[in-house]
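Data first, discussion second: the structure below is written as structure tokens.
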Amino acid sequence: MTEISTVQHSDPTPPRKIAIVLFNLGGPDRPESIKPFLLNLFSDPAILRVPFFVRPILARIIARARVKPATENYAFLGGKSPLLELTGEQAAALEQALPGIDAKCFIAMRYWHPFSLETARAVKAWQPDEVVLLPLYPQYSTTTTGSSLTAWRVAAAQAGLMAKTTSLCCYPTDPAYAAATAGLVRAAYDKARAELDPAIGLRVLFSAHGLPETIVKRGDPYQAQIELTVAAVLQAWGAPDLDSTICYQSRATPQKWIGPSTDEEVERAGRDKVAVLVVPIAFVSEHSETLVELDIEYRHLAEKAGVPGYYRVPTQNTDPAFIAALADLVFGALRDGPGLCSHRGKHRVCAADRLDCPFALQAG
């Protein structure tokens, strides 16, 4: 009997190499980094919108004034921000959630290491076929994603990175992201409700980082996109009639900021004698503004204001449903790119009056 040998032929076309760059704010990695981190933050023209010749002086004044309170906050976290470590965990989880492509995740922080230029050089050395820029800011703002995209374009040019690139500007109402977020909120709500006296009401505070009102009035999409996200999460949860409100935290400059503030809403809950469940709706990783501002400072304010119960929803971090949503966004970006896209492909999310929408800026 003749033995028939079989030869397995490998696919002659290797999978595309996809570099995924995760954008995030960054944070100091030791106490000595706090002041230069703050100086980098307030030196950004997207953050401090004053004449260029005034900005360096004003940035130093603001940074100097904020070093002491920031140092006290980071002391609760061991003297540094956990953001880089947590973003690294998200990057590793996302790589595992992308079967069928040769994907590697890189991290580009805006105001502390690894900066965009460091990351662009690392991406170039890896020699990808394509690059996907994925902000860990679901809602677009000129102060976050917009600033990161600007920094990346400069860094990529300096590094000589020529690979075709897709920039995902935002995903505020992406169904998978909204469902993943709703799952976390629902679980925390049910747990809080089980612990509370049935006679005590429970109000959900969707707390987002604030912005100066002037930035929003000039056409920044952020506040409108926060409202879209909250509506999408409530719909995914199936709780549209919930007692809930949107509020804003982390005011950093003297000018008028969008409101209502989270402080005001916590105090209102005290007057109304209802418990609160705080949802950090614009953050997807734990950091000082969740672990200190929400968990310590606002909890203390709630106790002082007589709020009968204070609860907080954890950020997404490496929640499997959230990582799966990010993977879907990457696949969508690869399908719709190169160039600019949202979770709706080549279609803008923002209303026409949001003149700082990146699609509007691109068209102009």
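Derivation of every value follows stated rules applied to the coordinates shown; laboratory data play no part. Please read these numbers as outputs of a predicted model, since none were measured by experiment. When we count neighbours, we look across all protein chains shown, and the Cβ atoms used for this are built from the backbone with ideal geometry, even at glycine.
State the Kirkwood hydrodynamic radius of the stretch 251-353 in Å, one decimal place, computed from all pairs of distinct Cα atoms.
Working: mean 1/r = 0.0603 Å⁻¹.
For the stretch 251-353, inverting the mean 1/r across all distinct Cα pairs yields 16.6 Å.
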TODO: Convert each backbone phi in the stretch 258-274 into a coupling constant with the Karplus relation 6.51 cos²θ - 1.76 cosθ + 1.60 (shift: θ = phi - 60°), then list the ³J(HN,Hα) values in order as whole Hz, x for Gly and Pro.
DONE: 5, x, x, 7, 4, 4, 4, 6, 5, 5, 5, 4, x, 5, 7, 6, 10
Task: Amide H within-cut-off set for residue 247, under 5 Å, with H built and near neighbours excluded - done: 206, 207, 208
Open item on the list: For residue 337, what residues show an amide H to amide H distance below 5 Å, using hydrogens built from the backbone and excluding near sequence neighbours?
Closed with: none
Task: Rg to Rh quotient for the stretch 301-364, alpha carbon positions, Kirkwood Rh - done: 1.23
TODO: Enter the angle in degrees (range 0 to 90, nearest 10) between the Cα long axis of helix 83-96 and the first principal axis of the Cα atoms of the chain, meaning the one along which they spread out most.
DONE: 40 degrees
- [ ] Working from Cα positions, state the angle (0 to 90°, nearest 10) between the long axis of helix 116-126 and the longest principal axis of the chain.
- [x] 20 degrees
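Mean shadow of the stretch 175-312, computed from the convex hull of its alpha carbons, in nm²? Intermediate values should be presented prior to the final figure.
On the way: hull surface 33.7 nm².
It is 8.4 nm².
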Open item on the list: Can you give me the distance in nm between label points at residue 97 and residue 16, each placed 7 Å from the Cα along the Cα-to-Cβ direction?
Closed with: 2.0 nm
Task: Local net charge near residue 269, Cβ-Cβ under 13 Å (Lys/Arg +1, Asp/Glu -1) - done: -1
Task: Nitroxide proxy distance, nm - points 7 Å out along Cα→Cβ at residue 115 and residue 193 - done: 4.9 nm
- [ ] Using a 10 Å Cβ count of at most 14 others and DSSP loop calls, identify the longest part of the chain lacking such chymotrypsin sites (Phe, Trp or Tyr not before Pro).
- [x] 77-364
Open item on the list: From the P(r) of the chain, could you give the percentage of C-alpha pairs in the tail past 37 Å?
Closed with: 21 percent
Open item on the list: As I understand it, the value is the acute angle between the Cα axis of helix 320-336 and the longest principal axis of the Cα atoms of the chain; what does it come to in degrees, rounded to 10?
Closed with: 50 degrees
- [ ] Find out how many positive minus negative residues lie around residue 166, taking Lys and Arg as positive, Asp and Glu as negative, among other residues whose Cβ is under 13 Å from that of residue 166.
- [x] +1
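At 0.36 nm per residue, and after removing the present C-alpha to C-alpha distance, how many nm does the segment from residue 243 to residue 54 gain when stretched out fully? List each step's numbers first, then the result.
On the way: separation 189, 0.36 × 189 = 68.04 nm, distance 4.45 nm.
Fully extending the segment from residue 243 to residue 54 adds 63.6 nm.
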Open item on the list: I want to verify a result. In a Gaussian network model of the chain, Cα cutoff 10 Å, which of these has the top mean-square fluctuation: 18, 57, 47?
Closed with: 57
Open item on the list: As I understand it, the dipole of the chain uses +1 on the Cβ of Lys and Arg and -1 on the Cβ of Asp and Glu, about the Cα centre. Which of 115, 244, 175 lies farthest toward its positive end?
Closed with: 115
TODO: Could you pull out every residue, at least 5 positions away or on a different chain, whose amide H is within less than 5 Å of the one on residue 343? Hs are placed 1.01 Å off N in the peptide plane, and Pro or chain starts have none.
DONE: 170
TODO: Between residue 186 and residue 271, with labels modelled 7 Å along Cα→Cβ, what's the label distance in nm to one decimal, could you check?
DONE: 3.4 nm
- [ ] Just tell me the longest site-free run in the chain, where the sites are trypsin sites (Lys or Arg not before Pro) in a DSSP loop having at most 13 other beta-carbon atoms within 10 Å.
- [x] 17-217
Open item on the list: Out of all DSSP beta bridges in the stretch 175-312, what portion is antiparallel? Express it as a percent rounded to 5.
Closed with: 5 percent
- [ ] Evaluate the charge dipole of the stretch 175-312 about its Cα centre and quote only its size in Debye, nearest 20, assuming +1 on the Cβ of each Lys and Arg and -1 on the Cβ of each Asp and Glu.
- [x] 160 debye
Task: Karplus (6.51, -1.76, 1.60) ³J(HN,Hα), θ = phi - 60°, over the stretch 129-134, in Hz, Gly and Pro reported as x - done: 7, 9, 10, 10, 8, 10
Task: Burial order of peptide ranges 142-149, 92-99 (average beta-carbon count within 10 Å, highest first) - done: 142-149, 92-99
TODO: Would you mind pulling out the separation of the Cα centroids of the stretch 205-260 and the stretch 33-106, in Å?
DONE: 21 Å
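How high is the relative contact order of the chain, in percent, counting Cα pairs under 8 Å that sit 6 or more residues apart? Each step should come with its number before you reach the end.
Working: 605 pairs, mean separation 73.2, N = 364.
RCO, the chain: 20 percent.
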TODO: Counting only DSSP beta bridges with both residues in the chain, tell me the antiparallel percent, nearest 5.
DONE: 5 percent
Task: Where only alpha carbons of the stretch 153-231 are counted, the Rg and the Dmax (Å) - done: 19.2, 63
Open item on the list: Please give me the summed charge of the neighbours of residue 179: other residues whose Cβ is under 13 Å from its Cβ, Lys and Arg +1, Asp and Glu -1.
Closed with: -2
Open item on the list: Ignoring everything except DSSP H segments at least 4 long, calculate the 222 nm mean residue ellipticity for the chain; use -39,500 (n - 2.57) per segment, divide by total residues, nearest 500.
Closed with: -13500 deg cm²/dmol
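Sequence gap at least 6, Cα distance under 8 Å: using those rules, report the relative contact order of the stretch 175-312 to the nearest whole percent. Please report the intermediate quantities before stating the final value.
Working: 195 pairs, mean separation 45.6, N = 138.
This gives 33 percent for the stretch 175-312.
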